[in-house]
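Worksheet for the structure shown next.
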Amino acid sequence: SPSATADFTLTLGDLTVTGPNVQNVACTFGLSCVLQLIGLQLQTTNKMIVLSAGSCGDNGPTLSSVTGMLNAISVTDQSPYDSYDLGTPLAGQPRTDYQLCWASAPADGAGAAFYRVPVGLLTLNGPVQVSQICTMSLQCVITLTGVGLAASNQILLIDGDGSCGSSSPMTATFDGLTNPSGPSADVAVYNLGIARTTSDGPGSGYKVCWGHDGGNDYWNIELGTFSIDGPAAQGTAVTCTMGLSCTIQVTGVNLAATNQIAI
């Protein structure tokens, strides 16, 4: 009949709690995401889910929606049963607060409510994926936003028919632009230079690809289209005649009243 903690004087025995410890982990866009847990007597039946909203044990939380990354994962079937392969995240929202929830032995198809144990937070490093635009004759500066951007990051501009992540990317050619390019002192800012000519002309027929370690992972994250405004190469020489009106017709993309030419 205890009334205070001091009244518990009889030792019944030791209590062992098995399962994972809480730890925060991080993964990066374009790189394989394998999580290593620390715990006690982990088992081959263990599983994990990844939430973008809600809490572990909720009946209706929101599972993560990241292209290439699993949100319901069984432990790797190898002792000590502490490794979870989430795949390679390719597209989605970089965040610092994805919630990892663990269950000891949930049945196949068991709902999220069975995953009651919060393991920690998952940070997903990488850039926000948005299209970019530059203008010929002006400094082309691309500024990214995201989580965990680093000096090792690179971007690559490719022709629109190509694919980010190809081992032989269809690199776009822009006279005056550095391509591929790494960030400046600010890891979010890429100063590519001044474009003078283009391989396929101005317009939105290009893609901008991102890689955490540049060419080592083939710039496998597609940020979006890359558009470049300005005049197209005219193809033939222009001839004017003394004594007659000299008019030069320039074609291109998003030409403006501020534009000028010089001879």
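The values are calculated or read from the model by the stated rules, or taken from the named source; none is laboratory data. All values derive from a computational prediction rather than experimental measurement. As a convention, Cβ positions derive from the backbone with ideal geometry for all residues, glycine included, and neighbour counts pool all protein chains shown. We work out accessible area using only protein heavy atoms, side chains counted, and drop any ligands, DNA or RNA first. Shrake-Rupley method; radii C 1.70, N 1.55, O 1.52, S 1.80 Å.
Filter segment 211-233 for residues that are in contact (Cβ under 8 Å) with a residue 60 or more places away in the chain, open to solvent by 10 Å² or more (accessible area, probe 1.4 Å) and not in a strand (DSSP E or B); which is nearest to residue 149 (Cα to Cα)? That would be 212. Considering every residue within segment 50-60, establish whether at least one is touching a strand residue (DSSP E or B) at 6+ places or on another chain (Cβ under 6 Å), at pLDDT 95 or above, over 30 Å from residue 153 (Cα atoms) and not small (Gly, Ala, Ser). Yes; the residues of segment 50-60 include at least one that is touching a strand residue (DSSP E or B) at 6+ places or on another chain (Cβ under 6 Å), at pLDDT 95 or above, over 30 Å from residue 153 (Cα atoms) and not small (Gly, Ala, Ser). Taking residue 179, is it within 15 Å of residue 132 (Cβ to Cβ), part of a strand (DSSP E or B) and of a type in the set (S, T, N, Q)? No; evaluated as a whole, the condition is false for this residue.
Looking across segment 176-229, the residues that are out of contact with any Leu (no Cβ under 6 Å at 6 or more places or on another chain) and of a type in the set (A, V, I, L, M, F, W, C) come down to 185, 189, 194, 221, 223, 228. Filtered by the rule that a residue be open to solvent by 40 Å² or more (accessible area, probe 1.4 Å) and not in a loop (DSSP other than H, G, I, E, B), segment 16-38 gives 26, 34, 36.
Within segment 177-184, one or more residues are under 29 Å from residue 122 (Cβ atoms), touching a residue at least 24 places away in the same chain (Cβ under 8 Å) and among the small types (Gly, Ala, Ser). Scanning segment 119-146 for residues that are touching a Leu at 6+ places or on another chain (Cβ under 7 Å), under 19 Å from residue 67 (Cα atoms) and open to solvent by less than 30 Å² (accessible area, probe 1.4 Å) gives 122, 127. How do the strands (runs of 3 or more DSSP E) wholly within segment 56-116 filter down when requiring 2 or more residues that are open to solvent by less than 60 Å² (accessible area, probe 1.4 Å): which remain? Here the list reads 67-69, 83-85, 87-91, 95-103. Each residue in segment 183-210 was checked for being modelled with pLDDT of 95 or more and either within 17 Å of the chain's Cα centre (by Cα) or not in a strand (DSSP E or B) (or both), and 10 of them qualify. Selection within segment 39-49: residues that are out of contact with any Cys (no Cβ under 8 Å at 6 or more places or on another chain) and not in a loop (DSSP other than H, G, I, E, B). The member of this set that is nearest to residue 100 (Cα to Cα) is 47.
Taking the criterion of being part of a loop (DSSP other than H, G, I, E, B) and open to solvent by less than 70 Å² (accessible area, probe 1.4 Å), the residues of segment 243-263 that qualify are 248, 250, 256.
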